[in-house]
Amino acid sequence: MKTKTIDIQAKEWFDKVNGNSYFAGTITLNYGTETEEIFLLPFQYGYGDEYEHESKAILTQFNKISTDYESLYNYCKRVGIILRRNIERNCLKRDLKAIENEYKNN
């Protein structure tokens with residue numbers, strides 16, 4: 001199966017008490033096609049575009065992409081994959097946990 005699109009949907013929560021940011025989300029390959037696959041981006045510490053770096057690591061772990069030295073954006077540009085990414089900031093912790101629960105239920 002050739003990967004044509006990668007869609008990353010993430011949410012970020014800022015823990016004001018400890019001053020840390022966390023994120024969670026999903027990675028969808030070939031969105032809306034018969035070959036669609038969804039991977040979990042589990043609840044974890046990180047801020048900024050860390051969700052993109054973790055997405056790259058997950059896709060590499062599952063042998064969906066093969067790159068060690070370049071960003072996910074540059075890899076997709078080089079091999080002709082459409083990359084769409086979005087992070088919703090200022091979410092609640094329960095919103096991030098809901099992503100994991102929904103993923104496990106599906």
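Can you report the number of residues in the range 37-55 which are more than 14 Å from Trp13 (Cα to Cα) and aromatic (Phe, Trp, Tyr)?
1
Conditions first: (1) of a type in the set (Gly, Ala, Ser); (2) under 12 Å from the mean Cα position of the chain (by Cα); (3) loosely packed, with under 12 Cβ neighbours inside 10 Å. Ser66 passes all but one, so which condition is the exception?
The number of the failed condition is (2).
For the structure I just gave you, tell me whether Glu37 is of a type outside the set (Val, Ile, Thr), touching a Leu at 6+ places or on another chain (Cβ under 6 Å), surrounded by fewer than 17 Cβ atoms within 10 Å (Cβ to Cβ) and at pLDDT 95 or above.
Judged against the criteria, Glu37 is a match.
The values are calculated or read from the model by the stated rules, or taken from the named source; none is laboratory data. Nothing here was measured: the structure is a model prediction, and the numbers come from that model. All Cβ positions, glycine included, derive from the backbone under ideal geometry; neighbour counts span all protein chains shown.
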